[in-house]
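Presented below is the structure to which this report refers.
The values are calculated or read from the model by the stated rules, or taken from the named source; none is laboratory data. In this text, all values refer to a predicted model and were calculated from it rather than measured experimentally. Methodologically, a virtual Cβ is constructed for each residue, glycine included, from the backbone with ideal geometry; neighbour enumeration extends over all protein chains shown.
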Amino acid sequence: MDTRRIVVAALATGLLLASCAEEQATSPGSSGDGQQQSCATKDLPLFEPGTLTVATDDPAFPPWFEGPRRDYNGGYEGDLAAEVADRLGLPLEWVTEPFNKSYAPGQKDYDFDINQISITPERDQVVDFSDGYFNNNQGILALEGTPITDATTVEDLKGYQLGTQVGTTSLNFINTVIQPEAGAKTFDTTNDAKSALDAGQIDALVTDLVTTVYLRDFEIKGSVVVGQYPTDEQFGMLFEQGNPLGECVNKALSEIKSDGTLKKLQDKWLQDYLSVPTVTDS
Amino acid sequence: MSTGESGRDRDPGVLEPGTPATPQAAGRGSRLFGGRAVLISTTSTIVFLVVIAVIVALAPGSSIVGERFFSGFHLRQAIFGTPGTPSVVGAFFLNVRIFMIAEVLILALALVVAVVRSIPGPAFFPLRALAVAYTDLGRGVPLILVLYMIGFGVPGLGLQFFSSRSDVTYGIVALVLVYSAYVTEVYRAGIDSVHDSQVAAARALGLSRYKTMRFVVLPQAIRRVIPPLLNDFIGLQKDTALVSVLGSVEAARAAQIYGASQFNYASYVVAAVLFIAMTIPLARFTDHLIERDRRRRHVGAVT
């Protein structure tokens, strides 16, 4: 008898939950689809009304971000986000979003994520990207005096043990362009890859060019950037798929580009980082 | 979930989950409750699963979650790999290899430490103290820290032989060090469970301390601790994934690479299925051993 009561209760609970879920389903999708999005400050579809909520990973690194944690007051991406907020007429609020979570299904708890995320066609099917705001090349970092520092072509790199942070387009670059004989080692963070380079477990660390130069200048004593490789990759801001705010951010971004602000930001934060010899294909 | 679990010790007629409902099995217990228990447990299981399925299916994001976790296209790609991402199944062989090698080493090292810990006599105090310190440290320090210390620390030392091993080797060493500390305690429980009178009897028969341990204590001790040992090994199977922090691409890491490249989690589902496929046979085998041991001891009690 008891069992029957439990079964009934369970069924009822299930139906109740399901019906609640259905009600929720109608609310978020109903607005914004189809018609032109107005980009006036008051019409912007924001996560938090009256604020532009922008996410990035923690820790965030210079030269992309400068200043106190979650209260960045500079850096290329930090300044760019502030500039976007400014043009949309909104105050800016920083939140933390680990990269691996940035493509989880469901509603995002921010307006967009800016975290050196490269735009790729596969990723674009799952999330929305803004237009590119930085042309990202791959960089190869090694310890001074090791044989790999003599490499000038992709072919020269094949025989070495390369490592990179997992989940990056650098890994894709290693696997598809360099195709090293020993495969690639992958690490949870660039810091781990750095430790492996220090310990001699890998011959070179591959990551985006700017990061390699940063590591060379501030983190790994006696390291050199072997070269950069242009992969035609663009960094983009990441939006939940179908978020109409993307249009308005793109509008602001194209203004920032056309009036020379983006160039200024690049000169200010990234100039020292981009003058590195290029690794050729053969 | 199973109604059989709690009543198993008292009522041998109640079925274990997964056991087919044969008439003999039901007949062994109370005739009144046997059939009904099966019926009730089956019904409640079905209802439970249906409720879960209904909730998931009607959830507002069910289609997107389904696409993100169970898309056939992505499951296939994750299994076979793409030019930019490794095959999760291929990477899983590294887990199996790490597990196989580590398991053998753990069984040996832990046995040595356990035996050292139970050597009597004041002269052996330093050895015993060392064994105690090792088990305390090994169980207390997080595996991930041991992995980092050995995987990045030892090669950093610049020693001749020890500093030029592969990251998989360092990973196995870290797993062996940590898991041996647990397994030592399992062995010790087994050794302590052998009654003192057995040792006294063996010594009275003229067996040396070594022979007493080797032929009287250990055979009984090890047989008793096989189920908890296997339990630890199931944990070990899953922890092989942690070796990836040192750089090698095993199944969980391959899944992560695929996920980040395609923005899809189906690869994690593939990895999970592989781990389950490795773990479940061992878990069932453990159950089987426990059951056999229980039956054997019951027989012993009657005679």
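Would you pick out the residues in region B:152-176 that are of a type in the set (A, V, I, L, M) and either at the interface with another protein chain (Cβ under 8 Å from one of its Cβ atoms) or within 19 Å of A:Gly163 (Cβ to Cβ) (or both)? Residues satisfying the conditions are B:Val154, B:Val168, B:Ala174. Consider region B:263-300 and keep the residues that are aromatic (Phe, Trp, Tyr) and under 22 Å from the mean Cα position of the chain (by Cα). The one that is nearest to the other protein chains (Cβ to nearest Cβ) is B:Tyr268. Could you grab me the full set of residues in region A:124-149 that are within 14 Å of chain B (Cβ to nearest Cβ) and of a type in the set (A, V, I, L, M)? Listed by number, the residues that qualify are A:Val126, A:Val127, A:Leu143.
Quick check on B:Phe33: is it of a type outside the set (Lys, Arg) and at pLDDT below 80? It is true that B:Phe33 is of a type outside the set (Lys, Arg) and at pLDDT below 80. Of all residues in region B:190-200, those that are part of a helix (DSSP H, G or I), of a type outside the set (Asp, Glu) and out of contact with any helix residue (DSSP H, G or I) (no Cβ under 8 Å at 6 or more places or on another chain) total 2. Quick check on A:Lys268: is it over 17 Å from the mean Cα position of the chain (by Cα) and either modelled with pLDDT under 90 or polar (S, T, N, Q) (or both)? So A:Lys268 does not fit the description; no.
Within region A:150-202, the set of residues being within 25 Å of B:Met149 (Cβ to Cβ) and away from chain B (no Cβ under 12 Å) comprises just one member, A:Thr190. Of the set (1) within 26 Å of A:Ala193 (Cβ to Cβ); (2) at pLDDT 90 or above; (3) within 14 Å of another protein chain (Cβ to nearest Cβ), all apply to B:Ala260 but (2).
Can you find, within region A:229-268, the residue that is farthest from A:Ala82 (Cα to Cα) among those that are in a helix (DSSP H, G or I) and of a type in the set (A, V, I, L, M)? Taking the candidates together, the pick is A:Leu245. Condition test on A:Asp259, is it more than 24 Å from A:Phe99 (Cα to Cα) and surrounded by fewer than 20 Cβ atoms within 10 Å (Cβ to Cβ)? So A:Asp259 passes the test. The single condition among (1) over 25 Å from B:Ile226 (Cα atoms); (2) without any contact (Cβ under 8 Å) to a residue 60 or more places away in the chain that B:Pro86 does not meet is (2). One residue stands out among those in region B:202-260 that are in a helix (DSSP H, G or I) and touching a Pro at 6+ places or on another chain (Cβ under 9 Å): the one that is surrounded by the most Cβ atoms within 10 Å (Cβ to Cβ), which is B:Tyr258.
Quick grid of which residues meet (1) modelled with pLDDT of 55 or more; (2) touching a His at 6+ places or on another chain (Cβ under 9 Å); (3) charged (D, E, K, R):
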position	(1), (2), (3)
A:Ala25	no, no, no
A:Gln36	yes, no, no
A:Glu48	yes, no, yes
A:Asp57	yes, no, yes
A:Trp64	yes, no, no
A:Ala85	yes, no, no
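If the condition is being more than 10 Å from every other protein chain (Cβ to nearest Cβ), within 10 Å of the chain's Cα centre (by Cα) and either outside any loop (DSSP other than H, G, I, E, B) or surrounded by fewer than 21 Cβ atoms within 10 Å (Cβ to Cβ) (or both), then region A:95-114 contributes A:Pro98, A:Asp113. B:Gly259 fulfils the conditions (1) without any contact (Cβ under 8 Å) to a residue 60 or more places away in the chain; (2) out of contact with any Phe, Trp or Tyr (no Cβ under 6 Å at 6 or more places or on another chain) except for a single criterion, (2).
This table checks each residue for (1) within 14 Å of another protein chain (Cβ to nearest Cβ); (2) in a helix (DSSP H, G or I); (3) charged (D, E, K, R); (4) surrounded by fewer than 17 Cβ atoms within 10 Å (Cβ to Cβ).
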{"position": "B:Gln77", "(1), (2), (3), (4)": "yes, yes, no, no"}
{"position": "B:Ala102", "(1), (2), (3), (4)": "no, yes, no, no"}
{"position": "B:Ile119", "(1), (2), (3), (4)": "no, no, no, yes"}
{"position": "B:Thr135", "(1), (2), (3), (4)": "no, yes, no, no"}
{"position": "B:Ile150", "(1), (2), (3), (4)": "yes, yes, no, no"}
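Could you grab the pairs with beta carbons closer than 9 Å, sequence gap of 6+ or different chains, first residue in region A:148-167 and under 16 Å from A:Ala184 (Cβ atoms), second one at pLDDT below 90 and in a strand (DSSP E or B)? Taking only residues 6 or more apart or on different chains, the pairs are A:Val154/A:Thr280. When only residues in region A:40-70 that are of a type in the set (Asp, Glu) and not in a loop (DSSP other than H, G, I, E, B) count, which is nearest to A:Gln266 (Cα to Cα)? Looking at residues that are of a type in the set (Asp, Glu) and not in a loop (DSSP other than H, G, I, E, B), I get A:Glu66.
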